[in-house]
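A short worksheet on the structure shown next.
The values are calculated or read from the model by the stated rules, or taken from the named source; none is laboratory data. None of the values given here were measured: they were computed from a predicted structure. Every residue, glycine among them, receives a Cβ derived from its backbone with ideal geometry; neighbour counts consider all protein chains shown.
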Amino acid sequence: LEVCPGQKFQIAYLLMHLQDAPVSTNDVLLNPYLASWDELIKFMESLGPMVGIISQEIETKTSIIRKLAQKEEEERNQRAQDSASSGAYVSVRSMIVSELEQGLVNFDQLTESGCRTLLRLHRALLWLQLFLHNLAEEKREMMARSPSELCREAYRLTLAEHHSWWVKKAAELAFVAMPDRQFFYKLMCVRTQAEAAASLNRVVKAIQKVYDRTQLALAEHDMLALP
Ligand code: 1Q0
């Protein structure tokens, strides 16, 4: 994918970060994972203040994980003897193992662990994947639907089941702010649905790989319902 001149959000960068995330056979690197979200924040920011709460929410979630990683690194540097050991927040699996060892994950009540925070981003990623998948669809019935409708449908089928009544209401307001198809074409520097589909499908595939690996890691540790 090529970089589009004059735009903050770059789908090429989003794809690059997503493709950088998978590591070894079953793990996901946290830095590129979070960098993907940084890129999505840029997209949200180009939509104006209506969706400000959403970009703020993503920002909050990514900073929680980054701060935990920073704290852990400082502590590790102080213990000179294992300064050579690699960080706990390098990957999804290293974070899970380390936070369990440290007793940071609470299965009964809300604590701001990296694991429960990652789970929130992870659930949102499923929404994004479904939305982009449907946006890529070239069949006439799908193309007749606006991005705003596709966004709402995808939300109701995925993320909404994890959200409170108030958050659902806020989400409904955000869908109204979703721009039309032409906006998305411009954003990706394409002119036709076929070109858009080609770009979007690459992103969807990249998300799929990251999502599936994260899902498996969380499921293996019984972490799909962390409060
Ligand atoms: C126009 C955009 C539509 C977005 C649809 C999703 C709506 C979600 C609405 C949410 C409001 C957020 C308020 C707080 C929610 C939290 O309660 C919740 C749970 O956390 P906690 O700590 O209370 O247990 N937080 C979350 O679920 C986190 C994730 C929230 C939203 C994620 C939205 C992701 C947006 C991505 C960018 C869209 C990109 C399109 C890319 C186009 C590429 C060509």
How about the range 6-40: which of its residues are within 10 Å of the ligand (Cβ to nearest atom) and surrounded by fewer than 17 Cβ atoms within 10 Å (Cβ to Cβ)? none
Among the residues of the range 41-67, count how many are of a type in the set (D, E, K, R) and either touching a Leu at 6+ places or on another chain (Cβ under 6 Å) or near the ligand (Cβ under 8 Å from one of its atoms) (or both). 2
Looking only at the range 72-79, decide whether some residue is under 25 Å from Asp222 (Cβ atoms) and either touching a His at 6+ places or on another chain (Cβ under 7 Å) or not β-branched (Val, Ile, Thr) (or both). yes
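Matching residues to (1) within 11 Å of the ligand (Cβ to nearest atom); (2) free of Cβ contacts under 8 Å to residues at least 24 places away in the same chain:
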{"residue": "Cys115", "(1), (2)": "no, no"}
{"residue": "Leu125", "(1), (2)": "yes, no"}
{"residue": "Met142", "(1), (2)": "no, yes"}
{"residue": "Ser148", "(1), (2)": "yes, no"}
{"residue": "Val167", "(1), (2)": "yes, yes"}
Please give the number of the condition Asn106 fails out of (1) in a loop (DSSP other than H, G, I, E, B); (2) free of Cβ contacts under 8 Å to residues at least 24 places away in the same chain. (2)
Please report, ordered by residue number, the helices (runs of 4 or more DSSP H) entirely within the range 1-101 with at least 1 residues that are acidic (Asp, Glu) and closer than 30 Å to Asn201 by Cβ. 11-20, 30-45, 52-78
Output the residues belonging to the range 182-196 that are more than 8 Å from the ligand (Cβ to nearest atom), under 18 Å from Phe43 (Cβ atoms) and surrounded by 16 or more Cβ atoms within 10 Å (Cβ to Cβ). Tyr185, Cys189, Val190, Ala196
Identify, from the list Leu218, Leu187, Leu200, the residue that is under 25 Å from Arg152 (Cβ atoms), at pLDDT 95 or above, assigned to a helix (DSSP H, G or I) and of a type outside the set (Ser, Thr, Tyr). Leu200
Can you find, within the range 76-108, the residue that is modelled with the highest pLDDT among those that are under 19 Å from Asn31 (Cβ atoms) and exposed (fewer than 15 other Cβ atoms within 10 Å of the Cβ)? Val97
Subset tally (residues that are surrounded by 18 or more Cβ atoms within 10 Å (Cβ to Cβ) and either closer than 30 Å to Cys4 by Cα or within 14 Å of the ligand (Cβ to nearest atom) (or both)) for the range 215-227: 2
When you scan the range 120-128, do you find a residue that is small (Gly, Ala, Ser), closer than 30 Å to Tyr89 by Cβ and crowded, with 20+ Cβ neighbours inside 10 Å, even just one? yes
Does the range 163-181 hold any residues that are outside any helix (DSSP H, G or I) and buried (at least 16 other Cβ atoms within 10 Å of the Cβ), and which are they? Ala177, Met178
